[in-house]
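The next block holds one structure in the form of structure tokens; read it before the comments.
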Amino acid sequence: MSAQKKILIIGGGFTGLTAALRLSADKNFSVTLVESSDHLGGLAAGFPLGGTSLEKTYHHLFLTDTSILDLVKELGLSERLIWCDSSVGIYREGKVHPFKTPLDLLQFSPCNFLGRLRTGFAALYLKHQKNWRGFAGVTAQDWMTRACGASAMASIWTPLLKGKFDRHFDKVSMAWFWARIHIRANSRSGGGGEKLGYFHGGFNVITTALEKEIRQRGVTIQTGALVEKISTDHTAVINGATVAFDYCLFTGPSPAFAKLLPAQVSLNDYAAKLRSIEYLGATCLIFTSAQSLGDFYWVNVNEADAPFLVFIQHTNLVGKETYGGKHVYYIGAYLSPEGKVFNLPDDELAKLWFSYLKKMFPAFTADQISERHVFRFRAAQHIVDTAYAAKIPDFKTPLPGVFLSNFSQIFPEDRGTNFAVREGARIAALIQAEAHA
Ligand SMILES: Cc1cc2nc3c(=O)[nH]c(=O)nc-3n(C[C@H](O)[C@H](O)[C@H](O)COP(=O)(O)OP(=O)(O)OC[C@H]3O[C@@H](n4cnc5c(N)ncnc54)[C@H](O)[C@@H]3O)c2cc1C
């Protein structure tokens, strides 16, 4: 047998782990996966809570997430998967309004009646419209304003766009918005209710099973291993040491990849493309409490003065028994990683966000909180503006043997673990094809 080709995978999130799973099935490869943080899982990583594992950022699956559902089956984890009834609300004008069914929309009093009807028709149109390309060059803000009117924009859509994209909200492509509505509407089960998928043991059960499987297949996994440079001579610098590879796959954020590449004429346009993609950070504050704050799983906070986007009572999806009888909450926001709120110390952030929570739920008391955690990710959501389709970087870079697969290449769908699994497998097949060509 000829010598094995050395594959270096950078990033231990779901894309990197899936690529490692697929490439390690090929005996012609010896695979090493490196991850800069001290654990695997990337944006879907968990931490220990209540005797189990909880994601640092809120996670669930949709029925349409077929790539990850197939992987779950393949890993023998189907029994860990649970499908739960979701309940969604919008906080506006001092209360949480249910916002899940067509009837909820019809009764959504912060929007005028015509706006509710127009929103219903727009949602129906987007659900059945299969071709998104016509939406790519128009902003969601403009298209939805024309379709739904000012009252629906003010009470429903503009706050959601602002919450997700901050100051970039009015640049976001309608194609991205179409995908959100289209996928979500089509993920409803036959009875009309929305089911969301979660795991006994959290998403960490997938990370752990993937880690176990790829280690068994001989993959070397190094955490705490930061890749600082990739060179033209098929080497990378990892924690100061030079390592040789035949093929290299990077799965982290696009601008971070640009920083690793050597300055070289053929690479300059590619690197400029990578740098043109902007990201927002995400901050999640998680707390556990004996207190219940209502019946909703997910509440979008649609007031202009709200300091966060979403309030989630995770145990209204999964049940508090899982966490030793305590309710588990997330408060989340997408923020500029250079901005003031992203960089607030934990205590100050908690003070700011809890004071707004008190406004939303006057009965809320911090006295009953038993645990509090704050997690920040600097590159959590890329800005999908109307020029985005032209910014998407190629999987194959101008550097021979070096590949890129990350969620900035997923468009018009939103990023998600399902797409990370799909793309991890796709890039593995591409590398394999090139290696065997
Ligand atoms: C707030 C929030 C909520 C979400 N909710 C959901 C949800 O409900 N359902 C869902 O399916 N998905 C959800 N997602 C999206 C999902 O988490 C991601 O799409 C998915 O985890 C991306 O996986 P990835 O491997 O592509 O990237 P990442 O998870 O970002 O992994 C990339 C890894 O590369 C590492 N890395 C980067 N640079 C280097 C370097 N130079 N050297 C070494 N390592 C490096 C990073 O540390 C990271 O671990 C959510 C994301 C966020 C932020």
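Any read-out appearing in this document is the output of simple, stated calculations on the displayed coordinates, not a laboratory observation. In this text the structure is predicted, and so the values were computed from the model without any measurement. Counting neighbours? That spans all protein chains shown, and the Cβs are built from the backbone with ideal geometry, glycine included.
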* Using label points projected 7 Å from each Cα along Cα→Cβ, tell me how many nm separate residue 212 and residue 25, to one decimal. => 1.9
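Would you mind getting me the FRET efficiency between residue 103 and residue 63? Use the beta-carbon distance for r and R0 = 30 Å, nearest 0.05. It would help to have the intermediate numbers written out before the result.
On the way: r = 21 Å, r/R0 = 0.72.
Approximately 0.90, to the nearest 0.05.
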* Asked: Between residue 433 and residue 228, what is the FRET efficiency for a Förster distance of 30 Å, r being their Cβ-Cβ separation, to the nearest 0.05?
  -> 0.55
* To do: Mind listing the long-range amide H neighbours of residue 82? Cut-off is under 5 Å, sequence gap 5 or more, other chains count too, H placed in the peptide plane at 1.01 Å from N.
  => 198, 199, 200
* **Under 5 Å, built H, 5+ apart or other chain: amide partners of residue 139** => 174
* Asked: Is any residue of region 33-67 close enough, with backbone N under 17 Å, to a label point placed 7 angstrom from the Cα of residue 186 along the Cα-Cβ axis, and if so, which?
  -> 62-67
* For the Cα atoms of the chain, what angle does the longest principal axis make with the long axis of helix 14-23, in degrees from 0 to 90, nearest 10? -> 40
* Taking the Cα centre of region 374-437 as origin, sum charge times position over the Cβ atoms of Lys and Arg (+1) and Asp and Glu (-1), and report the length of that vector in debye to the nearest 20. => 200
* To do: Using the 2.2 N^0.38 Å rule of thumb for compact globular proteins, work out how region 101-193 stacks up: its C-alpha Rg over that value, please.
  => 1.05
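To the nearest 20 Debye, how big is the dipole of region 101-193 about its Cα centre, given +1 on the beta carbon of each Lys and Arg and -1 on that of each Asp and Glu? Display every interim value, and only then the final one.
Working: 13 positive and 4 negative charges, 45 e Å.
Roughly 220 debye for region 101-193.
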* **Dipole of region 303-396, positive end: most advanced residue of 393, 352, 306 [Cβ charges, Cα centre]** => 393
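Please state the charge dipole magnitude for region 293-374, taken about the Cα centre, from unit charges on C-beta atoms (+1 on K and R, -1 on D and E), reported in debye and rounded to the nearest 20.
Values: 7 positive and 10 negative charges, 22 e Å.
With only Lys, Arg, Asp and Glu charged at Cβ, the dipole is about 100 debye.
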* Asked: Given 204, 51, 239, which one lies farthest toward the positive end of the charge dipole of the chain, if we put +1 on the Cβ of every Lys and Arg and -1 on the Cβ of every Asp and Glu?
  -> 204
* **residue 31 long-range amide H proximity, modeled H, under 5 Å** => 7, 220
